[in-house]
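Have a look at the structure below before the remarks.
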Amino acid sequence: GSDDTNNDGTYTDFFYGPIGQANILPHFEDNTDATSGSYFLNMLDSSATTSTEIRATVTGGNCGGTVVISFYCNSATLAFFQHGQLQSGSWEDFDTATLVSGTLNMDLPVKIWLGGGGIIISDSLTSLGGVPFASTFTSSSSYDYCNGYPLGGSAAEMLTLSYKGSDDTNNDGTYTDFFYGPIGQANILPHFEDNTDATSGSYFLNMLDSSATTSTEIRATVTGGNCGGTVVISFYCNSATLAFFQHGQLQSGSWEDFDTATLVSGTLNMDLPVKIWLGGGGIIISDSLTSLGGVPFASTFTSSSSYDYCNGYPLGGSAAEMLTLSYKGSDDTNN
């Protein structure tokens, strides 16, 4: 990785292995770290966000030299690399793809296959309307390409995926996820009031870190299904909400106010969420007091389907709508 002499952060590899059917590692949808000899797959670190630069490097064999591209993940691609969440039959777009070094034998790769069986990075939708840059697809040899060249047959072509650590040049810290799971009655995780960390497949609940305070920014991100796109809000906890997220302390029959709620990105189909239910049975984030005087932004409430909304839209019924809660780490003011 970089020695960071120009303060541009460092790059950490999270995948290294053969391209195409020669891939002998599990897939990201298996949601598990794995090694095989010198090859490895690590789920993307939880500190990565849609603002984290990702690099894909191909080299060896019939790749035409070493070629490096960079891109940024949309929320679906991020969820795939971090949690193994498949996008059924889906090609996703890279955000801001760039050629970093080397010579492309194809158009700039701008798409990634997240529908299962391995990834395919391509210059357009393919089977095979586009040209593959690299793949880990093991179900077919049709995608056995490196930088637009057919593989040489000796399993010498390698793919490395890496992410850029924060350079914190604007002192904005990093965000760490502490909840990721389906919205509404589809939630299969325990509740924060159970005061225990839990996982279920790619979903998880971690009690909020003890370093968080009422001055710590929290973000709530909804995406998938019938959410109307990816929407991110930020807020600060009052003392009651902080005690709930850190220790599971219920507030009997209580709706608590967010401090300084803000829309970060996306389009709201409702007023800005400013309330959270801490009375038990799961959380409900809403634009006002509800049952149902307000409109839910998201919930993990399992006792009733009345709150099965994402960004003000009724859920689609396929458990595809996801909620992520994250907190901002130290802003490292002395860098």
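Of note:
- For Phe14, the requirement of being touching a residue at least 12 places away in the same chain (Cβ under 8 Å), closer than 16 Å to Lys111 by Cβ and either within 22 Å of the chain's Cα centre (by Cα) or in a loop (DSSP other than H, G, I, E, B) (or both) is not met.
- Checking each residue in the stretch 31-46 for being free of Cβ contacts under 8 Å to residues at least 40 places away in the same chain and either in contact with a helix residue (DSSP H, G or I) (Cβ under 7 Å, 6 or more places away or on another chain) or hydrophobic (A, V, I, L, M, F, W, C) (or both) picks out Ala34, Phe40, Leu41.
- The set of residues from the stretch 228-271 being closer than 13 Å to Thr216 by Cβ, polar (S, T, N, Q) and open to solvent by less than 60 Å² (accessible area, probe 1.4 Å) comprises Ser234, Asn238, Thr241, Gln246.
- Single residue of the stretch 254-281 satisfying the filter (assigned to a loop (DSSP other than H, G, I, E, B) and polar (S, T, N, Q)) that is farthest from Leu315 (Cα to Cα): Ser254
- Those residues of the stretch 228-249 which are under 15 Å from Phe179 (Cβ atoms), assigned to a strand (DSSP E or B) and either β-branched (Val, Ile, Thr) or touching a residue at least 40 places away in the same chain (Cβ under 8 Å) (or both), in sequence order: Val232, Ile233
- When the criteria are applied in full, Ala56 fails the requirement of being closer than 17 Å to Asp13 by Cβ, in contact with a strand residue (DSSP E or B) (Cβ under 7 Å, 6 or more places away or on another chain) and modelled with pLDDT under 90.
- Counting only residues that are touching a helix residue (DSSP H, G or I) at 6+ places or on another chain (Cβ under 7 Å) and closer than 21 Å to Gly181 by Cα, the stretch 250-282 holds 4 of them.
- Residue in the stretch 282-297 that is farthest from Phe192 (Cα to Cα), counting only those that are at pLDDT 80 or above and of a type in the set (A, V, I, L, M): Val295
This table checks each residue for (1) open to solvent by less than 20 Å² (accessible area, probe 1.4 Å); (2) at pLDDT below 90; (3) in contact with a Leu (Cβ under 7 Å, 6 or more places away or on another chain).
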{"position": "Ala22", "(1), (2), (3)": "no, yes, no"}
{"position": "Met43", "(1), (2), (3)": "no, no, no"}
{"position": "Tyr72", "(1), (2), (3)": "no, no, no"}
{"position": "Glu92", "(1), (2), (3)": "no, no, yes"}
{"position": "Thr96", "(1), (2), (3)": "no, yes, no"}
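- Some residue of the stretch 47-61 being surrounded by fewer than 18 Cβ atoms within 10 Å (Cβ to Cβ), touching a residue at least 24 places away in the same chain (Cβ under 8 Å), outside any helix (DSSP H, G or I) and touching a Lys or Arg at 6+ places or on another chain (Cβ under 7 Å): no
- Output for the stretch 62-104, where each listed residue is in contact (Cβ under 8 Å) with a residue 40 or more places away in the chain and closer than 20 Å to Glu321 by Cβ: Asn74, Ser75, Ala76, Ala79, Phe80, Phe81, Gln82, His83, Gly84, Gln85, Leu86
- Taking strands (runs of 3 or more DSSP E) as the structural unit, those lying wholly within the stretch 117-214 and holding at least 1 residues that are touching a strand residue (DSSP E or B) at 6+ places or on another chain (Cβ under 8 Å), of a type in the set (Phe, Trp, Tyr) and at pLDDT 85 or above correspond to 132-135, 158-164, 175-182, 203-205.
- Residue in the stretch 5-13 that is buried (at least 17 other Cβ atoms within 10 Å of the Cβ), aromatic (Phe, Trp, Tyr) and closer than 19 Å to Glu92 by Cα present: no
The values are calculated or read from the model by the stated rules, or taken from the named source; none is laboratory data. Keep in mind that this is a model prediction, so the values were computed, not measured. FYI the Cβ positions are ideal-geometry reconstructions off the backbone, even for glycines, and counts take in every protein chain you see. Side chains are part of the model used for accessible areas, which takes the heavy atoms of the whole protein and leaves out ligands, DNA and RNA. Shrake-Rupley method; radii C 1.70, N 1.55, O 1.52, S 1.80 Å.
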